[in-house]
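Beneath this line is the structure, given in structure tokens, with notes to follow.
The values are calculated or read from the model by the stated rules, or taken from the named source; none is laboratory data. Please read all numbers here as calculations on a predicted model, not as lab measurements. All Cβ positions, glycine included, derive from the backbone under ideal geometry; neighbour counts span all protein chains shown.
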2 protein chains.
Amino acid sequence: MPNSPIRITRASVIDLRVPTSDQMLGSDPFHKQPDYSSAVLHLETDSGLRGVSVVFTVGAGTDWICYGIKDLCQLIIGSDLAEFTAAPIKLYRRLIDHHQLRWLHDGVFRMAAGAIINAMFDLWAKSQDKPLWKLLVDLEPEFVADCIDYRNISDALTRDEAVELLKSRRANVAQRETEMSTLGPKAYCTAGWLGLTDEEILATIRKLQEQGFDSFKLKVGRDSDEDVRRIKFMRDAIGPDCNLMVDANQYWGVCEAKEHVDRFRPFGLKWVEEPIARDDVLGYVELSETFADADFGFACGEQAASPVIFKQLIKSGAIKFCQIDAVRVAGVNDVMAIILMAAKYGVPICPHGGGIALCNMIQQYGMWDQIAVSGHSDTQLVEYIDFLQEAVSHPVQVQDGCYVTPTAPGWGLEFLPDFIERHQYPDGDVWKNRAADRKGAAFEV
Amino acid sequence: MPNSPIRITRASVIDLRVPTSDQMLGSDPFHKQPDYSSAVLHLETDSGLRGVSVVFTVGAGTDWICYGIKDLCQLIIGSDLAEFTAAPIKLYRRLIDHHQLRWLHDGVFRMAAGAIINAMFDLWAKSQDKPLWKLLVDLEPEFVADCIDYRNISDALTRDEAVELLKSRRANVAQRETEMSTLGPKAYCTAGWLGLTDEEILATIRKLQEQGFDSFKLKVGRDSDEDVRRIKFMRDAIGPDCNLMVDANQYWGVCEAKEHVDRFRPFGLKWVEEPIARDDVLGYVELSETFADADFGFACGEQAASPVIFKQLIKSGAIKFCQIDAVRVAGVNDVMAIILMAAKYGVPICPHGGGIALCNMIQQYGMWDQIAVSGHSDTQLVEYIDFLQEAVSHPVQVQDGCYVTPTAPGWGLEFLPDFIERHQYPDGDVWKNRAADRKGAAFEV
């Protein structure tokens, strides 16, 4: 299989939406009624293999991304996988540096480009019958380094530095792979969603503890007194030795954040996540200086739009935890750059999970990071949410508070055909049988 | 008219593209073959008035923005103009803080939202038979201050500061309006496009000088020796007393930029524009420190995606010239915030023009800034390009090196019906008679 040509013959792009707002799981101060959704890309080939990727969204707007992905597919239909695997940076540049489309900036454009790149990597890994992490681990340092666009980040990471860093880990890769052959990255989970009562939070914690979790997150950003009360409640529930993190989902400005976060000092938090806007680099610098003596560090990245933003957050020391997302930036090439920058500056990779099948993807990056880039598992936590795992044929699994090492080829992102059929928007059964006003809820809350 | 209700009955969104790459005007190191284009929004009403706005692009991708604008139009069809004018921040929040669409981030989403807001302001100004600058000048300080979303910028500008700043200018507004009643903001023009020979550049300079221009810009970013040679050529051609600026269109990384820009020291440049990525705030801080003793300052903003990025560039002192664009951020509300932040920190507003009819829009902001916000015309230069003015019924005009004060109602953005018909993509005459490979040039250069 790997030696015969694999030609991309057709692409289908599916607008998949799940009416999760019915249950209010996943809600935060901004996203009051999220309907977890994905633009799903299927790249069909003449080999029978299919490249799959997703761009996660929260409902309305999924169609915008589908529109963009369809347009970009023009660049790869008819091409051979081998053209891509010879030098993935070429496709990356054709997309991101496209001389007209680049005007569209980050956001929809970069996410759509990422969908293409991630589907190509999926296809590549499947053609070698490897999970994605194993494909990445097996790449030569020079090859990885050549996947990266250094134009805007070379003041933080040069090609030589990338090669040197990866080479320095090489001697231990086999051992690290063995160590992670059964259990993968240590995981954490949100127990304190905004919509939950204290009793529901406690029940969630106890259930997670039975699965071996010792690291829990709580959503904050509403009322300051209530936030503090809930943090104290969580800390009391989990005891002093468990990790506790809070997440404000960018709800505050810099001055507000200082006031609120100051009240969080006594509770031994590990991190404070997204206190301010995703791209307010100087705001993060200011916060990190203000709270330099606190127990916690700041975490950010799930909505950081590009490696340029990550570069600034990492190099400045403003964030102590780097929360890559698998589908916000332009795919594997961008994420490689970010993980390597974080490794150089000693910032642990703690990826953002959840959504629909995002955890299937981020566990791959956690594996690659901990085997071949940072080369250890001492400081990282990878987000885990068991949400919507009924959608895929290879659900993520946890054991003893860690991801079970993924073995399915590629990202392990195969959706069940029935799930896709029922949740296609707006014609799937789940949506077409809903009252018109419920569908329209996407637009007005 | 202003007192009878004006209801928005219908929206049309037009994908307008001009094959400007035939002439290579407007090209830069990234945008090798730009086809100047616009997503044009027409909001029709039951009053006969039409709200118009554009989002400028460079060809491929215009349809992505059209797609988004059409989706957002659902939020305003059937509404009354008076609902908007009562409190423009409400529509702004419905768009930018939309609980699902906000996931789409900046770029296409924010530009599409800006199209809606700008068309509403156009309609509002037309309902009062005023050019847009006059509508803005006549708004009460408190009203302007209430148009702004302070969530992410209050560490740089509070509502009270905005009100105080605008009030402090109030006593001089009538006089400033009189002073600018015939000639508006001082203009500058690019004479040194990358595609032009020395002779063509010289001819352009002489023609501009006949129109009273004394401020000229040159594109750089190719070969360093050639850049220096061309800067020297331009300086020699215009003499020591004219303003000379260079523009690298984000072509360099931080380290490269330092090397290149260091060679530009001897030529008395006014500014160095976009030496690095549009959102590399810490990169700009580093450059501004490195070149603190140089004649020039740094200029940036035409592709800065949001007020958060502008806040950082302005507050840190990293940029000395703030180059707002009229259609990159979310319309008048965002631009008001940026102009007010710049005024507070003493950074001159030097808007980005060109494209299709962008100058029609930015002259309005130049007027508002110089009459009512900064309240002077001592330091600003507003970009002027006479390109594609045959597209609109109210072309911008210059006299004595200044914009002629615009008098057409609204933005003055009415396109000639014939121009629209011929340039609609892909069915207008200009495109449908082209060979398929020329249309496809959008995708491969």
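Quick grid of which residues meet (1) charged (D, E, K, R); (2) crowded, with 24+ Cβ neighbours inside 10 Å:
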position: A:R50; (1), (2): yes, no
position: A:S53; (1), (2): no, yes
position: A:C73; (1), (2): no, no
position: A:R93; (1), (2): yes, no
position: A:L101; (1), (2): no, yes
position: A:L104; (1), (2): no, yes
position: A:M120; (1), (2): no, yes
position: A:W133; (1), (2): no, yes
position: A:V137; (1), (2): no, no
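In the same structural domain as B:Q363 (by TED's automatic domain parsing) and more than 29 Å from B:I356 (Cβ to Cβ) - does that describe any residue in segment B:319-333? Give the steps one after another, and end with the answer.
Kept after step one, since they are in the same structural domain as B:Q363 (by TED's automatic domain parsing), are these residues of segment B:319-333: B:319-333.
Filter once more, keeping what is more than 29 Å from B:I356 (Cβ to Cβ): none.
No - not one qualifying residue is present in segment B:319-333.
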Yes/no for B:A304 being part of a loop (DSSP other than H, G, I, E, B), in contact with a strand residue (DSSP E or B) (Cβ under 7 Å, 6 or more places away or on another chain) and either within 14 Å of chain A (Cβ to nearest Cβ) or on the phi > 0 side of the Ramachandran plot (or both):
no
Of the residues that make up segment B:128-149, is at least one within 12 Å of chain A (Cβ to nearest Cβ) and either among the acidic types (D, E) or farther than 20 Å from B:W368 by Cα (or both)?
yes
Can you name the residue in segment A:387-398 that is under 28 Å from A:M245 (Cα atoms) and in contact with a Pro (Cβ under 8 Å, 6 or more places away or on another chain) and, of all such residues, is surrounded by the fewest Cβ atoms within 10 Å (Cβ to Cβ)?
A:Q389
Out of (1) surrounded by fewer than 24 Cβ atoms within 10 Å (Cβ to Cβ); (2) closer than 30 Å to A:Y36 by Cβ, the one B:P5 does not meet is (2)
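Take A:L340 and decide whether it is under 14 Å from the mean Cα position of the chain (by Cα) and modelled with pLDDT of 95 or more.
Values: under 14 Å from the mean Cα position of the chain (by Cα): no; modelled with pLDDT of 95 or more: yes.
Judged against the criteria, A:L340 is not a match.
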Mind listing whichever residues of segment A:68-79 are more than 25 Å from A:Y425 (Cα to Cα) and either more than 10 Å from every other protein chain (Cβ to nearest Cβ) or among the aromatic types (F, W, Y) (or both)?
A:I76, A:G78, A:S79
Report yes if B:A39 is within 14 Å of chain A (Cβ to nearest Cβ) and either surrounded by 24 or more Cβ atoms within 10 Å (Cβ to Cβ) or within 29 Å of B:G192 (Cα to Cα) (or both), otherwise no.
yes
Given the conditions (1) among the small types (G, A, S); (2) more than 7 Å from chain B (Cβ to nearest Cβ); (3) closer than 14 Å to B:W64 by Cα, and given that A:A82 satisfies all but one, which numbered condition is not satisfied?
(3)
First in segment B:99-112 and within 7 Å of chain A (Cβ to nearest Cβ), second anywhere and assigned to a helix (DSSP H, G or I) and of a type outside the set (A, V, I, L, M, F, W, C), Cβ under 7 Å, 6 or more apart:
B:V108/B:G68; B:F109/B:G68
Determine whether segment A:90-107 contains at least one residue that is part of a loop (DSSP other than H, G, I, E, B) and either assigned by TED's automatic domain parsing to the domain that holds A:I339 or among the basic types (K, R) (or both).
no
Conditions (1) more than 8 Å from every other protein chain (Cβ to nearest Cβ); (2) among the aliphatic types (A, V, I, L, M); (3) buried (at least 19 other Cβ atoms within 10 Å of the Cβ): number failed by A:I65:
(1)
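Quickly run through segment B:30-79 and pick out the residues that are part of a loop (DSSP other than H, G, I, E, B) and of a type in the set (F, W, Y). Break it down into steps so the answer makes sense when it comes.
Narrowing segment B:30-79 to residues part of a loop (DSSP other than H, G, I, E, B): B:30-36, B:46-49, B:58-61, B:74-79.
Within segment B:30-79, B:F30, B:Y36 qualify.
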Would you check which residues across segment B:399-416 are buried (at least 23 other Cβ atoms within 10 Å of the Cβ) and either over 19 Å from the mean Cα position of the chain (by Cα) or in a loop (DSSP other than H, G, I, E, B) (or both) and list them?
B:P406, B:W411, B:G412, B:L413
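To keep it simple, each residue is scored yes or no on (1) within 25 Å of B:S168 (Cα to Cα); (2) within 12 Å of another protein chain (Cβ to nearest Cβ); (3) of a type in the set (A, V, I, L, M).
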position	(1), (2), (3)
B:K270	no, no, no
B:G283	no, yes, no
B:F298	no, no, no
B:A357	no, no, yes
B:W368	yes, no, no
Total residues in segment B:15-40, condition in contact with a Lys or Arg (Cβ under 9 Å, 6 or more places away or on another chain) and among the aliphatic types (A, V, I, L, M):
1
The conditions are (1) assigned to a helix (DSSP H, G or I); (2) under 22 Å from the mean Cα position of the chain (by Cα); (3) surrounded by fewer than 24 Cβ atoms within 10 Å (Cβ to Cβ), and A:L194 fails exactly one of them. Which is it?
(1)
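Listed here are the residues, each with its yes/no results for (1) of a type in the set (D, E); (2) without any contact (Cβ under 8 Å) to a residue 24 or more places away in the chain; (3) under 30 Å from A:D63 (Cα atoms).
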| residue | (1), (2), (3) |
| --- | --- |
| B:L95 | no, no, yes |
| B:D160 | yes, yes, no |
| B:E164 | yes, yes, no |
| B:N172 | no, no, no |
